[in-house]
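Student: If you scroll down you'll find the structure; I have some questions about it.
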Amino acid sequence: MKVVIAPDSFKGSLTAKQAGEAIRAGVQRACPQAEVVVSPMADGGEGTMQCLVDATNGKVLTAQAMDPLGRTIAAQFGILGDGVTCVIELASASGLYLIAKDERNPLLTTTYGFGQLILAGLDHGCRRFILGLGGSATNDGGAGMLQALGYRLLDANNQPLAFGGGELSRLSHIDDSDKDKRLDACQFVIACDVDNPFVGPNGASRVFGPQKGATPQMVLALDEHLRHFADVIKQTTGTAIHDLPGTGAAGGVAGALLAFLGGKLQSGIQIVMDTTRLARAMDGADLVISGEGQVDFQTAQGKTPCGVAQLARQCGIPVIVLAGSVGEGIEALYEKGVTAVIGITNKPLALDEAMQNGASLLEQAAEQVMRVYALGKNG
């Protein structure tokens, strides 16, 4: 019997690798002779860098970078086992969690630190980049990132713009003569699971601006500023990003990556499955076990267990999803290839207690799943 274990992290409790090893222990206790393959997963959001580093025997490095308000912090990025692929989570330098609630102001916040992490990857010889855009504190359309990479965003008097989405209305032209020339030899893959355009009713500012501290008045101003930025980008690159699906991700960073760096938008879970070669691991498998901390109706919208199940269904393999918490709407997962969703708690538990005991709960649940599965298979 061959079992493939492909979980996401259980946020606040276990990394994807730790979750996979806990499930492995339970599977092997029930079926000692089973062949078990652990392939940590992520969906492009928090934990993606660590997941891919773990899966490829890569390394995590630290670099000095600006936080969203321009303060110097130590931010992490990863280099995969191939030595040339750099994985960066935008939130590591430009994330909402880095600033206090009363500091949130997308007129001021910048993605400059995210650009600094790209430079750090270049300095380590990387020429392929996997970029996770979740959790940003910014609405600057990627302007700060471009500034860090050597692009000069200039006003009508040829003076450089300051940081933040509030400055973009003053933009006159973009000078790329000082950009880092190493960028021309790079490939950028963007983990993007939203289809919001750069501007408009469903654009970056109106949909995501409020959670970053934007008032209703700020939202309208930011949308106009991004529209002006998109106009200048079209004049500079010939690419109109205004209405392109996905370009609104991370306050418009995806749009700048696409227009200036040739970035390719791709589903986060698909990037991870491709990088870890999950399809190859599933070859000849009898069962796949996935999981994450919270499973509900949102899981069917491109999160890890859904992506794993869709791939397994192509191979005719059943999928069991282990969940720290099971919410409403999981029926949608059954249409995506999930066979069953099973909660791992075995008695009433406070959240803190459940998270502290995540590994043992996962191990116990996996053992019971395998005992039932083996009974049915043998029968």
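Student: The range 74-117 to the range 281-314: how many Å between their Cα centroids?
Tutor: Each part's Cα centre sits 28 Å from the other's.
Student: Which percent of the accessible heavy-atom area of the range 43-83 goes to carbon and sulfur, probe 1.4 angstrom?
Tutor: Solvent-exposed carbon and sulfur of the range 43-83 make up 44 percent of the total.
Student: Just the number: Rg to Rh for the range 1-154, Cα atoms, Kirkwood Rh, two decimals.
Tutor: 1.08
Student: Under a 1.4 Å probe, what is the accessible area of the chain per residue, stated in Å²?
Tutor: That works out to 41 Å² for each residue.
Student: So which of LYS303/LYS377; LYS11/LYS336; LYS11/LYS101; LYS17/LYS59 end up more than 19 Å apart by C-alpha?
Tutor: LYS303/LYS377; LYS11/LYS336; LYS11/LYS101
Student: What's the magnitude of the charge dipole for the range 248-379 around its Cα centre, counting Lys and Arg as +1 and Asp and Glu as -1 at the beta-carbon? Answer in Debye, nearest 20.
Tutor: 400
Student: Separate question: Give me, ordered by chain and number, the residues 5 or more places off VAL87 or on other chains with an amide H under 5 Å from its own placed amide H.
Tutor: Residues meeting the amide H criterion: GLY78, ILE79, LEU80, ILE130.
Student: Could I ask something else about it? Treating only the Cβ of Lys, Arg, Asp and Glu as charged (+1, +1, -1, -1), what charge dipole size does the chain show about its Cα centre? Round to the nearest 20 debye. Can you show the working numbers first?
Tutor: Details: 29 positive and 38 negative charges, 117 e Å.
Result for the chain is approximately 560 debye, rounded to the nearest 20.
Student: Could you tell me the extents of the range 299-339's C-alpha atoms along the three principal axes, largest first, rounded to whole Å?
Tutor: Over the range 299-339, Cα extents along the principal axes are 28, 17, 15 Å.
Student: Pairs of alpha-carbon atoms within less than 8 angstrom and 6+ residues apart define the contacts here; what relative contact order does the range 1-142 have, in percent?
Tutor: Dividing the mean separation by the residue count of the range 1-142 yields 21 percent.
Student: With unit charges on the beta carbons (Lys and Arg positive, Asp and Glu negative) and the dipole taken about the Cα centre of the chain, which residue among THR138, GLY324, VAL27 sits farthest to the positive side?
Tutor: Result: VAL27.
Student: For the chain, what's the radius of gyration and Dmax over Cα atoms, in angstrom?
Tutor: Cα radius of gyration and Dmax of the chain are 21.9, 80 Å respectively.
Student: Could you please state, rounded to a whole Å, how far the C-alpha centre of the range 182-257 is from the C-alpha centre of the range 3-17?
Tutor: 32
Student: What residue among PHE208, ALA249, LEU226 has its Cα farthest toward the positive end of the dipole of the range 175-258, where the charges are +1 on Lys, Arg and -1 on Asp, Glu, each on the Cβ?
Tutor: My answer, from the dipole projection, is PHE208.
Student: Based on alpha-carbon atoms only, what is the radius of gyration of the range 151-197 relative to the globular estimate 2.2 N^0.38 Å?
Tutor: After normalising by residue count via 2.2 N^0.38 Å, the value is 1.50.
Student: Assigning unit charges at the beta carbon (Lys, Arg +1; Asp, Glu -1) and nothing else, what dipole magnitude in debye, to the nearest 20, does the range 1-130 show about its Cα centre?
Tutor: 180
Student: Here is a follow-up. Assuming 0.36 nm per residue, please report the length gained on full extension of the stretch TYR334 to GLN33 beyond their Cα-Cα distance.
Tutor: Roughly 105.4 nm would be gained on extension.
Student: For the range 256-379, taking Cα atoms only, what is the radius of gyration to one decimal and the Dmax to the nearest whole Å?
Tutor: Here Rg and the maximum Cα pair distance are 16.5, 59 Å.
Student: Quick one: angle between helix 112-123 and the longest Cα principal axis of the chain, in degrees between 0 and 90, rounded to 10, please.
Tutor: 70
Student: Given R₀ = 22 Å, what would the calculated FRET efficiency be for THR237 paired with VAL84, taking r from the Cβ atoms and rounding to 0.05?
Tutor: Given R0 = 22 Å and the Cβ-Cβ separation, E is 0.25.
Student: Here's a follow-up. Summarise the accessible area of the range 124-219 (1.4 Å probe, protein heavy atoms) by the percent that is carbon and sulfur.
Tutor: 48
Student: Check the chain for me: any Cys whose beta-carbon has no other cysteine beta-carbon within less than 4.7 Å?
Tutor: Cys with no partner Cβ under 4.7 Å: CYS31, CYS51, CYS186, CYS192, CYS306, CYS315.
Student: If I fit a long axis through the Cα atoms of helix 16-30 and take the longest principal axis of the Cα atoms of the chain, what angle between them do I get, 0 to 90°, rounded to 10?
Tutor: Helix 16-30 sits roughly 10 degrees off the main axis of the chain.
Student: Where does the charge balance sit around SER169 when Lys and Arg score +1, Asp and Glu -1, over other residues with C-beta under 15 Å from its C-beta?
Tutor: Computed value for this residue: -4.
Student: Can I ask one more? Would you tally the net charge around ALA249, using a Cβ to Cβ cut-off of less than 10 Å, leaving ALA249 out, and scoring K and R as +1, D and E as -1?
Tutor: That works out to -2.
Student: Around ARG182, what is the net charge, scoring Lys/Arg as +1 and Asp/Glu as -1 over all other residues with Cβ under 11 Å from its Cβ?
Tutor: 0
Student: Can you give the relative contact order of the range 176-313 as a percent, counting alpha carbon pairs under 8 Å and 6+ residues apart?
Tutor: 27
Student: Pull up the DSSP beta bridges for the chain and report the antiparallel fraction as a percent, rounded to 5.
Tutor: The antiparallel fraction comes to roughly 35 percent.
Student: What number, in percent, do you get for the relative contact order of the chain if the mean sequence gap of Cα pairs under 8 Å and at least 6 apart is divided by its residue count?
Tutor: Averaging sequence separation for qualifying contacts and normalising by length gives 19 percent for the chain.
Student: Looking at the chain as a GNM with Cα springs under 10 Å, which of ALA120, ALA143, ALA156 has the largest mean-square fluctuation?
Tutor: ALA156
Student: What base-10 log of the normalised intensity I(q)/I(0) is obtained for the range 183-280 from the Debye formula, alpha carbons as equal point scatterers, at q = 0.12, 0.20 Å⁻¹?
Tutor: -0.42, -0.93
Student: Any idea what angle helix 304-314 forms with the longest principal axis of the chain, computed on alpha-carbon atoms, 0 to 90 degrees, nearest 10?
Tutor: Computed tilt is about 60 degrees.
Student: Then there's this: Where does the chain land at 222 nm, in deg cm²/dmol rounded to the nearest 500, when only DSSP H runs of n ≥ 4 count, each adding -39500 (n - 2.57), divided by all residues? Present the calculation step by step, with values, prior to reporting the outcome.
Tutor: Numbers: 14 runs with 141 residues, N = 379.
So the calculated ellipticity at 222 nm is -11000 deg cm²/dmol.
Student: List the aspartates and glutamates whose alpha-carbon lies under 15 Å from that of LYS234, not counting same-chain residues fewer than 8 positions away?
Tutor: Filter leaves ASP175, ASP176, ASP243.
The values are calculated or read from the model by the stated rules, or taken from the named source; none is laboratory data. Since we're looking at a predicted model, the values are computed, not measured. Every residue, glycine as well, gets a Cβ built from its backbone with ideal geometry; the counts of neighbours run over all protein chains shown. With ligands, DNA and RNA removed, areas are computed over all heavy atoms of the protein, side chains included. Shrake-Rupley method; radii C 1.70, N 1.55, O 1.52, S 1.80 Å.
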